[in-house]
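Scroll down for the structure; my scribbles are underneath it.
Quick note: the coordinates plus some simple rules give every number you see, no bench work behind them. These numbers were taken from a predicted model, which means no experiment stands behind them. Note that each Cβ is placed from the backbone with ideal geometry, even for glycine, and that neighbours are counted across all protein chains shown.
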Amino acid sequence: MTTVLSPWKSSLLGAYYYATLPGRLWSNEQAARAGSAPVMVIYYHRVADHTPNAWTISNAQFRREINWLQANFDMVSLDEAQRRVREGNDKAAVSITFDDGYAENCEWALPLLVSRRIPCTYFVTSHYVLTGQSFPHDAADGTPLAPNTIEQLASLAAAGIEIGGHTRTHADLGKLTSDSQLRDEIVGGREDLEQTLGIAIRHFAFPYGLHDNLSAAAFHIAADAGFTGVCSAYGGYNLPGDDPFHLQRIHADPEIVRLKNWLTVDPRKVRRTERFQYQRRSDHTLREDMAP
Ligand SMILES: [Zn+2]
């Protein structure tokens with residue numbers, strides 16, 4: 001969800017960003033030389049020029065952001081992001097992801113990424129694709145937006161976009177207490193997509209993705225089921241030495257100054273972000289054998 005910054009807040013953030021930028025660039029350079037540059041994973045939901053809502057960004061704004069990202073970062077896949085977290089990173093990197101599965105993304109945004117050969121992982125909630133129903137939160141808003149069709153997802157996969165799992169029904173996994181419910185959402189959602197599309201689903205993104213929406217049990221089920229990695233969405237940097245199974249993601253804000261502020265590493269955000277902790281079990285030490 002996004003709130004539009006009021007003009008004075010936007011200009012305050014702009015002033016803060018530009019005032020602190022030289023110091024950040026210097027620290028980022030030092031980190032890169034030491035092989036500890038950040039690996040940042042950002043997420044979008046919907047790119048469209050009509051029916052804008054809190055999780056929509058316009059086509060023009062999306063292009064502006066992609067231009068800035070391409071000019072300033074290594075654009076990498078989630079597999080490469082995990083490799084850099086595991087082995088070290090000498091240039092700040094960004095991975096692009098999308099959540100949910102909105103039909104309009106296929107009109108303009110995803111073709112742009114494909115044409116520029118920018119890696120992307122597209123996390124889909126299987127029930128809505130299979131039934132064609134719109135998301136309940138959109139229907140409740142009076143804007144029943146179309147989910148992707150199976151044909152669209154098959155074309156995306158054929159064009160090199162990675163399709164990922166985002167549960168079966170977009171459940172809040174932090175609220176589910178039984179393993180069978182969690183398995184149904186996490187593994188069942190993957191099976192739906194794998195059977196329908198005939199491809200392997202290897203990464204998973206938690207719906208909502210804030211600390212309260214995660215659970216250690218869900219992490220274990222995803223790892224035991226053979227997922228290569230999982231993504232949260234509460235904001236946070238991934239640094240070499242962190243647990244590469246869990247990629248913390250940052251909201252791809254339609255306000256480009258906020259996105260720039262995040263991705264050039266705001267020291268205030270580094271301090272404030274608390275990494276979600278779950279007990280890693282020795283029997284699923286990351287399944288590195290499954291990584292390509
Ligand atoms: Zn979602």
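Please find, among Ser27, Ser58, the residue that is within 20 Å of Leu145 (Cα to Cα) and in contact (Cβ under 8 Å) with a residue 12 or more places away in the chain. Exactly one residue qualifies, and that residue is Ser58.
Looking only at residues that are in contact with a Cys (Cβ under 9 Å, 6 or more places away or on another chain) and of a type in the set (A, V, I, L, M, F, W, C) in segment 113-130, which one is farthest from the ligand (Cβ to nearest atom)? Outline the logic, then answer.
Applying the first criterion (in contact with a Cys (Cβ under 9 Å, 6 or more places away or on another chain)) to segment 113-130 yields 113-114, 121, 123.
Okay, now just the ones that are also of a type in the set (A, V, I, L, M, F, W, C), so 113-114, 123.
Values: Leu113: 19, Val114: 22, Phe123: 7 Å.
Checking each candidate, the answer is Val114.
Just one of (1) out of contact with any helix residue (DSSP H, G or I) (no Cβ under 6 Å at 6 or more places or on another chain); (2) within 30 Å of Tyr208 (Cα to Cα); (3) hydroxyl-bearing (Ser, Thr, Tyr) fails for Thr20. It is (2). Filtering segment 155-169 to residues that are under 14 Å from Phe98 (Cβ atoms) and in contact with a Ser or Thr (Cβ under 6 Å, 6 or more places away or on another chain) leaves Glu162, Gly164, His166. Within segment 64-78, identify whether any single residue is in contact with a Gly (Cβ under 9 Å, 6 or more places away or on another chain) and of a type outside the set (Lys, Arg), and answer yes or no. Within segment 64-78 (the criterion being in contact with a Gly (Cβ under 9 Å, 6 or more places away or on another chain) and of a type outside the set (Lys, Arg)), the answer is yes, since at least one residue qualifies.
Selection of first residues in segment 156-184 that are away from the ligand (no atom under 16 Å from the Cβ) and of second residues that are among the hydrophobic types (A, V, I, L, M, F, W, C) and part of a loop (DSSP other than H, G, I, E, B), restricted to Cβ pairs under 8 Å at least 6 apart or on distinct chains, gives the following pairs, ordered by first then second residue: Ala157/Ile199; Gln181/Ala171; Leu182/Leu176; Arg183/Ala225.
Name every residue in segment 222-238 that is away from the ligand (no atom under 16 Å from the Cβ) and either buried (at least 20 other Cβ atoms within 10 Å of the Cβ) or closer than 15 Å to Tyr122 by Cα (or both), in order of residue number. Let's see the steps before the verdict.
So the first thing to find is which residues in segment 222-238 are away from the ligand (no atom under 16 Å from the Cβ), and the list is 223-229, 236-238.
Correct list: Ala223, Phe227, Thr228, Gly229, Gly236, Tyr237, Asn238.
Considering every residue within segment 197-216, establish whether at least one is assigned to a helix (DSSP H, G or I), within 15 Å of the ligand (Cβ to nearest atom) and in contact with a strand residue (DSSP E or B) (Cβ under 9 Å, 6 or more places away or on another chain). Within segment 197-216 (the criterion being assigned to a helix (DSSP H, G or I), within 15 Å of the ligand (Cβ to nearest atom) and in contact with a strand residue (DSSP E or B) (Cβ under 9 Å, 6 or more places away or on another chain)), the answer is no, since none of the residues qualifies.
Within segment 94-112, being within 16 Å of the ligand (Cβ to nearest atom) and surrounded by fewer than 23 Cβ atoms within 10 Å (Cβ to Cβ) holds for Ala103, Glu104.
Quick one: would you say Gly189 is in contact (Cβ under 8 Å) with a residue 24 or more places away in the chain, among the small types (Gly, Ala, Ser) and farther than 28 Å from Arg64 by Cα? Can you show your working first?
Numbers: in contact (Cβ under 8 Å) with a residue 24 or more places away in the chain: yes; among the small types (Gly, Ala, Ser): yes; farther than 28 Å from Arg64 by Cα: yes.
In short, yes.
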